[in-house]
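The values are calculated or read from the model by the stated rules, or taken from the named source; none is laboratory data. Small disclaimer: the values here were computed from a predicted structure and weren't measured. Quick reminder, even Gly has a Cβ in these numbers, built from the backbone with ideal geometry, and neighbours come from all protein chains shown. The protein model used for the area step is the full one, side chains on, heavy atoms only, and it has no ligands, DNA or RNA in it. Shrake-Rupley method; radii C 1.70, N 1.55, O 1.52, S 1.80 Å.
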Amino acid sequence: MTTSHTSPVLAVPSLFRRVGLPYFVIAFVARLPFAMMVVGVLTVVVAARESVALGGLTSAAVGIGTACFGPLLGAAADRRGQRIVLAVVAVANAAALVGFTLVVYSSAAEPFVLLSAFAIGATAPQVSPMSRSRLVTIIAERVPAERRSRTTSSTMSYESAADETVFVFGPFLVGVLATAIAPWMPLVIAAALILVFVGAFALHPTAAHVSTQRGADGRATSRVSELFRPKLLIVVVGMLGVGVFFGAMLTSLTAFMTEHGRPEEAGLLYGALGVGSAILALGVAFLPARFPLPARWLLFAGILFGGSLGLLWVRDPLGMLIALAVMGCGIGPTLVTQFSLGAAFGPVDRSATVMTMLGSAMVVGQAIGAVSTGQVADAAGAQASLSLPVFAAGLVLLAGIVNAVLARGGRTAS
């Protein structure tokens, strides 16, 4: 007689079934306003104040605000829960966007414009890192150990692809709304999306899930010093390099296309980087477990750096398109790998803090890359500015090398 039974592992619901399709839809749309903010701020300032320089400074102010307060919001979410933190910042950020619009069109002095832009960044809902934090916590506590590595990789692949998609579509949406209606409309739409979808994200049942490693009073059982371990800090440095690359690449590409008399096509070309990155980011989920994370970082950062070297010889839009396509094959998988390493090296009961640290590092990098590249482009031309994405890609690769060396000294994450 043959006895049939169901494997306990196979009987465990998948992560997708645990959180449900509505969660992924809400979380996807909720991160769109963040992708609209920087470009939206730049657009409305240039239109209202007729100053590209002030537009660049206000965009940087948004990034600085996010960098300063993002990790603090993550720490607050770890301690008090995401629901209350997200509900408060959703209202505050929507108000900040509307307030900024009023300030820009008023006779207020430039410092007030910069201060209001800083407020936008400081209150920006950290949807992407908090989504990663929720899912990482659920994986760590409710997914069988033998499936955690694969599930984490798949989840980070999806999250990175979602980020890439909204950061390509967000600026496009800003351009459409600003052109078809008014320069201030993208910020008003972003405020409405925040109230509706970030509010829904805050109220979703997964927001109530808190790590079981936290005490009854909400305090973490891990030490704060665990956030500053070399293995985790080098991932933060790598994420900073990715941010510098994004900021430098978009700015230098805009300068390059402006010199070729086709500035309006810069966004379309940049899409080649974003689309390729998103597709390859999803592909990381299918890589075998025997291909460890440190090796993935080295491989894909190497592709990114190799593709960036082609920028030094690009002389026409077609050559630029090819270089962007090659770099897209490296940047998406590198992002997935870095977030996976962050999840592996960070304390589980501080997952929101860790993810906001990584996200903030990328935002700081974007501001540094955009501002410094703009200065070089103005002073020495577009061709000279294309060397900065090469430098940024080299930083990402160097951080990957250091990570691989550190991994040899302990347990290799996979």
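Here is how the numbers come out for the structure above:
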item	result
Condition broken by E226, with the remaining ones in (1) more than 21 Å from L32 (Cα to Cα); (2) at pLDDT 80 or above; (3) open to solvent by less than 50 Å² (accessible area, probe 1.4 Å) satisfied	(2)
Considering residues of region 241-266 that are in contact (Cβ under 8 Å) with a residue 40 or more places away in the chain and of a type in the set (G, A, S) only, the residue nearest to L311 (Cα to Cα)	S252
Flag if T251 is among the polar types (S, T, N, Q) and either in a loop (DSSP other than H, G, I, E, B) or at pLDDT 90 or above (or both)	no
Residue within region 352-374 that is open to solvent by less than 40 Å² (accessible area, probe 1.4 Å), in a helix (DSSP H, G or I) and more than 30 Å from A122 (Cβ to Cβ) present	no
Tally of residues being open to solvent by 60 Å² or more (accessible area, probe 1.4 Å), more than 21 Å from the chain's Cα centre (by Cα) and touching a residue at least 24 places away in the same chain (Cβ under 8 Å) across region 190-208	2
Residues of region 281-296 satisfying the condition of being in contact (Cβ under 8 Å) with a residue 40 or more places away in the chain, over 16 Å from the mean Cα position of the chain (by Cα) and in a helix (DSSP H, G or I)	G283, V284, A285, L293, P294, A295, R296
Flag for L397 being part of a helix (DSSP H, G or I), modelled with pLDDT of 85 or more and either among the basic types (K, R) or surrounded by fewer than 20 Cβ atoms within 10 Å (Cβ to Cβ) (or both)	no
In region 355-391, the residues that are in contact with a Phe, Trp or Tyr (Cβ under 6 Å, 6 or more places away or on another chain) and within 15 Å of G63 (Cβ to Cβ)	Q366
Answer from I303, I331 - the residue that is over 16 Å from R132 (Cβ atoms), hydrophobic (A, V, I, L, M, F, W, C) and open to solvent by 20 Å² or more (accessible area, probe 1.4 Å)	I303
Unmet criterion (only one of (1) among the small types (G, A, S); (2) in contact with a Lys or Arg (Cβ under 9 Å, 6 or more places away or on another chain); (3) within 18 Å of G394 (Cβ to Cβ)) for G243	(2)
Selection count, region 277-291, where residues are open to solvent by 20 Å² or more (accessible area, probe 1.4 Å) and over 15 Å from R148 (Cα atoms)	5
Residue count, region 306-315 (criterion: surrounded by fewer than 23 Cβ atoms within 10 Å (Cβ to Cβ), touching a residue at least 12 places away in the same chain (Cβ under 8 Å) and in a helix (DSSP H, G or I))	4
